[in-house]
Amino acid sequence: MSKTVLVIHGPNLNMLGRREPHIYGAMTLDAINEALKQRGAAAGIEVQCIQSNHEGELVDAIQTRGWEAMGIIINPGALTHYGLSLRDALAMLSAPIIEVHLSNVYQREAFRHTSVIAPIARGQITGLGWRGYLLALEWLLAEYETV
Ligand code: DQA
């Protein structure tokens, strides 16, 4: 079993902190990634984080790095709702995929209520802000009894 967790952030999540903070919170992406890396390191797990505004780049990263990971935590951003090549790339992997959203997508516009990722994800955490990522990591750590 590999000791790597891959965290994938989709379009516009590089703007966290400045982007609609009343919806997505004040925490920057760097700060979220740092919190994840520290929690992983405490459990002997390497947390790798990537962000791209381009679906193809995320597909490339999944194809090259996804196979090695013991789990994937992904906030696909708007690709959640229509990113079929992203979904197909994730579907190739056997490691569990956890879908995370900072905001509660079900309380928002109707187009956010559909996720093309959810059917191939092990679970979904939505509306718990940046702590949702850490909860996803806790689940992976507990699942693999590395705590
Ligand atoms: C989001 C929700 C999506 O609908 C939106 O397009 C995002 C962020 C969230 O984290 O709440 O970019 O995934």
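For segment 16-34, which positions are in a helix (DSSP H, G or I) and more than 9 Å from the ligand (Cβ to nearest atom)?
Narrowing segment 16-34 to residues in a helix (DSSP H, G or I): 21-24, 29-34.
The answer is 21, 22, 29, 30, 31, 32, 33, 34.
Could you list, in sequence order, all residues of segment 66-88 that are in a helix (DSSP H, G or I) and either modelled with pLDDT under 95 or more than 14 Å from the chain's Cα centre (by Cα) (or both)?
Within segment 66-88, the first condition is being in a helix (DSSP H, G or I), and the residues that meet it are 66-68, 77-81, 84-88.
If the condition is that a residue be in a helix (DSSP H, G or I) and either modelled with pLDDT under 95 or more than 14 Å from the chain's Cα centre (by Cα) (or both), then 67, 68, 81, 84, 85, 88 are the ones that fit.
Give me a count of the residues in segment 43-96 that are within 23 Å of residue 130 (Cα to Cα) and in contact with an Asp or Glu (Cβ under 8 Å, 6 or more places away or on another chain).
Qualifying residue count for the region: 9.
Restricting the first residue to segment 83-106 and requiring it to be among the charged types (D, E, K, R), which pairs with a second residue that is modelled with pLDDT of 95 or more and in a strand (DSSP E or B) meet a Cβ separation below 9 Å and a spacing of at least six or different chains?
Cβ pairs passing all conditions: 99/73; 99/74; 99/75; 99/123; 99/124; 99/125; 99/126.
I need the full set of residues from segment 40-65 which are part of a helix (DSSP H, G or I) and within 21 Å of residue 138 (Cβ to Cβ), in order please. Before you say what the answer is, go through the steps one by one.
Applying the first criterion (part of a helix (DSSP H, G or I)) to segment 40-65 yields 40-42, 55-65.
Correct list: 40, 41, 42.
The values are calculated or read from the model by the stated rules, or taken from the named source; none is laboratory data. Treat the numbers as computed from the prediction; the structure is a model and nothing was measured. Cβ sites come from the backbone with ideal geometry, for glycine too, and all protein chains shown count toward neighbours.
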